[in-house]
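The following block contains the structure, expressed as structure tokens.
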Amino acid sequence: MREDTPYPIERLVAPFSYLTMGMAGFIWLIIGLFTKAKLRPFLQYHIFQSIFISLAFAVLSIFIGWLSNLASFIPFVNKLVAQINFLLNMPLFFDYSILQTIIYIFLIYLAVTAFLGKYSYIPWVSDIIDQNISR
């Protein structure tokens, strides 16, 4: 097996890390800490990227919610914000909203590329992760 080819267990942990919003990767990091196992770059990249994406998603959700609440006090703007919020969150595809569908497609893309043993690229995020892991 070549040095840069991920092991089968790594090809399973990496996609599950995306699908669980970083939780499976975090548990794998804790297991690696107790067993003193060194993570290979492929798994390191995907675990850190999944954790970063989940944290960024949480911060963005809180910020957008805060802005939406703040805009609800402004006359005329509150109607526009309520309409946009309704359109983005109403069930559309199999009881999933537009935002949920976009997020799930994004997570499936990341999980599939990780399962195939490739490094998925997300502008700006992947660059940050690349700079902070040792490949």
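In whole angstrom, how far apart do the alpha carbon centroids of the stretch 79-135 and the stretch 18-73 sit?
Between the Cα centre of the stretch 79-135 and that of the stretch 18-73, the gap is 13 Å.
To the nearest 10 degrees, how steep is helix 23-35 against the longest Cα principal axis of the chain, on a 0 to 90 scale?
30 degrees
Related question: Can you tell me the 0 to 90 degree angle between the C-alpha axis of helix 41-71 and the longest principal axis of the chain, rounded to 10?
Here the helix axis deviates by roughly 10 degrees.
Something else now. Binned at 10 Å from 0, what are the whole-percent values of the Cα-Cα distance distribution for the chain, short to long?
Reading upward from the zero bin: 11, 34, 27, 16, 9, 2, 0.
Go ahead and run the numbers for FRET between F93 and F26, Cβ-Cβ distance against an R0 of 35 Å, rounding to 0.05. Display every interim value, and only then the final one.
On the way: r = 30 Å, r/R0 = 0.86.
For R0 = 35 Å, the calculated efficiency reads 0.70.
How large is the accessible surface per residue of the chain, computed with a 1.4 Å probe and reported in Å² as a whole number? Don't skip to the answer; put the middle values down first.
On the way: 9540 Å² over 135 residues.
With all protein chains present, the chain gives 71 Å² per residue.
So what is the relative contact order of the chain, in percent, for Cα pairs below 8 Å that sit 6 or more residues apart?
33 percent
Sticking with this structure for a sec: Ignoring any ligand, DNA or RNA, what whole percent of the accessible area of the stretch 82-131 comes from carbon and sulfur when the probe is 1.4 angstrom?
On the way: 2640 of 3600 Å².
On the stretch 82-131, the fraction of accessible area on carbon and sulfur atoms equals 73 percent.
The values are calculated or read from the model by the stated rules, or taken from the named source; none is laboratory data. For clarity, every value in this text was computed on a predicted model and none was experimentally measured. Please note: Cβ atoms are built from the backbone with ideal geometry, for glycine as well, and neighbour counts cover all protein chains shown. Surface accessibility is based on the protein's heavy atoms, side chains included, excluding ligands, DNA and RNA. Shrake-Rupley method; radii C 1.70, N 1.55, O 1.52, S 1.80 Å.
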